[in-house]
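The values are calculated or read from the model by the stated rules, or taken from the named source; none is laboratory data. From a predicted model like this one, the values you see are computed outputs, not experimental measurements. Positions of Cβ are generated from backbone atoms using ideal geometry, with glycine treated the same way; all protein chains shown enter the neighbour counts. Please note that ligands, DNA and RNA were not included when accessible areas were found on the heavy atoms of the full protein model with its side chains. Shrake-Rupley method; radii C 1.70, N 1.55, O 1.52, S 1.80 Å.
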Amino acid sequence: MELEIDIEEWPAGDWEDLTASAALATAQVATELANPRLLTSVLFTDDETIRTLNADWRGKDKPTNVLSFPMLERGDLIHLDPDEGPPEMPPVPLGDIAIAHGVCAREAAEKNISIRDHTAHLIVHGLLHLAGYDHEISDADAEAMEEMEVKVLALLGIANPYTAITAE
């Protein structure tokens with residue numbers, strides 16, 4: 001998967017490397033994401049931008065931690081031939097992810113985890129949404145997506161965020 005990363009309003013850090021590592025690990029668990037023809041953009045931005053996107057696209061006028069905007073239907077993703085077409089074929093857009101720094105930092109502090117680990121979790125979560133996984137359909141879907149996230153995070157050396165002790 002090819003990544004386009006845009007960093008706005010985030011502190012200095014290795015966000016590009018973290019995104020690449022999270023994408024590689026996610027593709028090991030959700031193998032449909034291992035297709036080299038895929039293109040995903042990731043925007044690291046502020047709470048106000050996320051609030052606007054959330055209001056415009058989801059009708060929720062509040063900031064959130066991560067938003068995913070899929071551009072490829074799951075069936076098309078699964079059937080996308082990694083070798084189809086000449087090498088100069090343009091990449092196939094999978095979708096866009098946007099992550100809000102303020103929300104991410106507050107959540108990390110509340111969970112008593114590093115912002116880096118929480119950001120990795122949000123990248124993984126966003127990529128799984130782009131791949132067609134959804135935790136809002138049913139409890140079974142939520143559990144399946146959570147299991148995938150835990151497996152990916154383990155590959156990154158990050159503890160299960162669903163059993164982590166939160167700060168008081």
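Determine if the range 15-30 includes at least one residue that is at pLDDT below 95, open to solvent by 30 Å² or more (accessible area, probe 1.4 Å) and not basic (Lys, Arg).
no
So which residues in the range 135-149 are assigned to a loop (DSSP other than H, G, I, E, B) and either touching a Phe, Trp or Tyr at 6+ places or on another chain (Cβ under 9 Å) or open to solvent by 50 Å² or more (accessible area, probe 1.4 Å) (or both), if there are any at all?
Of everything in the range 135-149, those that are assigned to a loop (DSSP other than H, G, I, E, B) and either touching a Phe, Trp or Tyr at 6+ places or on another chain (Cβ under 9 Å) or open to solvent by 50 Å² or more (accessible area, probe 1.4 Å) (or both) turn out to be 135, 136, 137.
What's the number of the condition residue 93 fails, among (1) modelled with pLDDT of 95 or more; (2) over 18 Å from residue 146 (Cβ atoms); (3) buried (at least 20 other Cβ atoms within 10 Å of the Cβ)?
(3)
Of the residues that make up the range 150-159, is at least one under 18 Å from residue 32 (Cβ atoms) and open to solvent by less than 60 Å² (accessible area, probe 1.4 Å)?
Yes, the conditions are met somewhere in the range 150-159.
Is it the case that the range 121-138 has a residue that's more than 21 Å from residue 67 (Cβ to Cβ), modelled with pLDDT under 95 and small (Gly, Ala, Ser)?
yes
Can you tell me how many residues within the range 77-131 are part of a helix (DSSP H, G or I) and in contact (Cβ under 8 Å) with a residue 24 or more places away in the chain?
Looking only at the range 77-131, we keep the residues that are part of a helix (DSSP H, G or I), and these are 77-78, 101-111, 115-130.
When the remaining residues are screened for being in contact (Cβ under 8 Å) with a residue 24 or more places away in the chain, the result is 77-78, 101-104, 107, 109-111, 116-130.
The total comes to 25.
Restricting attention to the range 1-18, which residues are more than 20 Å from residue 72 (Cα to Cα) and outside any loop (DSSP other than H, G, I, E, B)?
Listed by number, the residues that qualify are 6, 7, 15, 16, 17, 18.
Which of the numbered conditions does residue 124 fail, given that it passes all the others? Conditions: (1) over 17 Å from residue 50 (Cα atoms); (2) more than 15 Å from the chain's Cα centre (by Cα).
(2)
Quick one: is residue 46 surrounded by 13 or more Cβ atoms within 10 Å (Cβ to Cβ) and over 14 Å from the mean Cα position of the chain (by Cα)? Spell out the reasoning first.
Values: surrounded by 13 or more Cβ atoms within 10 Å (Cβ to Cβ): yes; over 14 Å from the mean Cα position of the chain (by Cα): yes.
When the stated conditions are applied, residue 46 passes them.
Look through 66, 103, 124 and report the one residue that is touching a Gly at 6+ places or on another chain (Cβ under 7 Å) and either under 17 Å from residue 26 (Cα atoms) or surrounded by 14 or more Cβ atoms within 10 Å (Cβ to Cβ) (or both). Before you say what the answer is, go through the steps one by one.
On the way: 103 fails: touching a Gly at 6+ places or on another chain (Cβ under 7 Å); 124 fails: touching a Gly at 6+ places or on another chain (Cβ under 7 Å).
Just a single option satisfies the conditions, and that option is 66.
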